[in-house]
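Trainee: A single structure is presented below for examination.
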Amino acid sequence: MELNRSPMPRSQGNAGPPQVSLTPTGGGLGVARPWGRSEGTTPMIAAILDTNVVLDWLVFEDPAGRALGAQVESGRLRWLICPRIQEELADVLGRLERMPHLRRWAHRSAAAWEAAQRWGCPVDDPPSLPPALPLRSSDPDDQVFIDLAVGQQAGWLFSRDRAILRLARRLRPLGVQALSPAAWLAGQAIPAR
């Protein structure tokens with residue numbers, strides 16, 4: 001995975017993430033499978049966050065990433081993470097220390113790892129999808145996110161990666177909505193399955 005990120009301007013100081021709803025306007029959560037629900041509460045929706053989305057939330061403080069992270073922290077989203085994704089996240093967080101153009105964020109690495117351990121819901125590594133399914137990412141490093149989303153029947157797969165987003169239409173019939181955090185934050189309606 002390539003990591004290239006410029007700093008985000010912070011016009012609101014340390015204000016928290018924008019308050020948003022998981023339900024896009026005009027859409028509805030009929031597209032996502034609830035993980036569980038207590039009486040009178042919002043259902044927990046299983047979600048997969050690719051590594052750059054996690055970095056946007058926990059390191060770069062991108063507004064869309066922070067808003068999505070707030071949904072994880074509030075318990076509305078259940079962020080599923082498997083050992084292969086944890087390994088990738090650890091590797092990428094390590095790059096903050098090793099790569100000169102990323103060192104300005106190195107001081108956030110340990111806190112980001114701790115937050116990932118706190119908010120991520122561990123699951124087993126997914127099996128590879130059958131070759132008959134036309135869901136192969138052009139970036140082999142991204143395949144684990146697709147395999148996990150389909151294998152766990154996650155309602156959402158959040159990514160900024162074009163290789164994943166190009167597969168959104170093919171993922172939809174399998175119960176997975178793939179979109180960027182910015183598209184979600186903008187409130188674009190999610191087509192029903």
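The values are calculated or read from the model by the stated rules, or taken from the named source; none is laboratory data. These numbers come from a predicted model, not from an experiment. Cβ: placed from backbone, ideal geometry, glycine included. Neighbour counts: every protein chain shown. The accessibility values were calculated without ligands, DNA or RNA, using every heavy atom of the protein model including side chains. Shrake-Rupley method; radii C 1.70, N 1.55, O 1.52, S 1.80 Å.
Trainee: Any residue at all in region 149-162 that's among the charged types (D, E, K, R) and part of a helix (DSSP H, G or I)?
Mentor: yes
Trainee: So which of Glu88, Glu73 ends up being in contact with a helix residue (DSSP H, G or I) (Cβ under 9 Å, 6 or more places away or on another chain), in contact (Cβ under 8 Å) with a residue 12 or more places away in the chain and open to solvent by 50 Å² or more (accessible area, probe 1.4 Å)?
Mentor: Numbers: Glu88 fails: open to solvent by 50 Å² or more (accessible area, probe 1.4 Å).
After applying the criteria, what remains is Glu73.
Trainee: Hey, another quick one. Can you name the residue in region 49-84 that is part of a loop (DSSP other than H, G, I, E, B) and of a type in the set (A, V, I, L, M, F, W, C) and is also farthest from Leu185 (Cα to Cα) among such residues? Break it down stepwise before answering.
Mentor: First, the residues of region 49-84 that are part of a loop (DSSP other than H, G, I, E, B): 50, 59-62, 75-76, 82.
Among the residues that remain, those that are also of a type in the set (A, V, I, L, M, F, W, C) are: 59-60, 82.
Working: Val59: 18, Phe60: 17, Cys82: 25 Å.
It comes out as Cys82.
Trainee: Being aliphatic (A, V, I, L, M), at pLDDT 95 or above and out of contact with any strand residue (DSSP E or B) (no Cβ under 8 Å at 6 or more places or on another chain) narrows it down to one of Ala115, Ala154, Ala168, Ala163, so name that one. I'd like the intermediate steps shown before the answer.
Mentor: On the way: Ala154 fails: out of contact with any strand residue (DSSP E or B) (no Cβ under 8 Å at 6 or more places or on another chain); Ala168 fails: out of contact with any strand residue (DSSP E or B) (no Cβ under 8 Å at 6 or more places or on another chain); Ala163 fails: at pLDDT 95 or above.
Going through Ala115, Ala154, Ala168, Ala163 in turn, the sole match is Ala115.
Trainee: Could you tell me whether region 124-142 includes any residue that is at pLDDT 95 or above and touching a strand residue (DSSP E or B) at 6+ places or on another chain (Cβ under 6 Å)?
Mentor: The answer is no; no qualifying residue exists.
Trainee: If the Cβ limit is 7 Å and pairs must be 6+ apart or interchain, which residue in region 117-134 that is without any contact (Cβ under 8 Å) to a residue 40 or more places away in the chain and of a type in the set (A, V, I, L, M, F, W, C) pairs with which residue that is open to solvent by less than 60 Å² (accessible area, probe 1.4 Å) and not in a loop (DSSP other than H, G, I, E, B)?
Mentor: Taking only residues 6 or more apart or on different chains, the pairs are Leu129/Asp147; Leu129/Val150.
Trainee: Can you find a residue in region 98-106 that is under 16 Å from the mean Cα position of the chain (by Cα), at negative phi and touching a residue at least 40 places away in the same chain (Cβ under 8 Å)?
Mentor: Residues of region 98-106 under 16 Å from the mean Cα position of the chain (by Cα): none.
Looking for residues that are under 16 Å from the mean Cα position of the chain (by Cα), at negative phi and touching a residue at least 40 places away in the same chain (Cβ under 8 Å), one finds none in region 98-106, hence no.
Trainee: Related question: Only residues that are open to solvent by 20 Å² or more (accessible area, probe 1.4 Å) and in contact (Cβ under 8 Å) with a residue 24 or more places away in the chain: list them for region 135-164, please.
Mentor: Step one: filter region 135-164 for residues open to solvent by 20 Å² or more (accessible area, probe 1.4 Å), giving 136, 138-141, 143, 150-153, 160-162.
Residues satisfying the conditions are Ser138, Asp139, Asp141, Val150, Gly151, Gln152, Gln153, Arg160, Asp161.
Trainee: Separate question: Could you tell me which of the residues Trp156, Trp113 is out of contact with any helix residue (DSSP H, G or I) (no Cβ under 7 Å at 6 or more places or on another chain), among the aromatic types (Phe, Trp, Tyr) and within 22 Å of Arg78 (Cβ to Cβ)? So that I can check it myself, show each step before the final result.
Mentor: Working: Trp113 fails: out of contact with any helix residue (DSSP H, G or I) (no Cβ under 7 Å at 6 or more places or on another chain).
One residue alone meets the criteria, Trp156.
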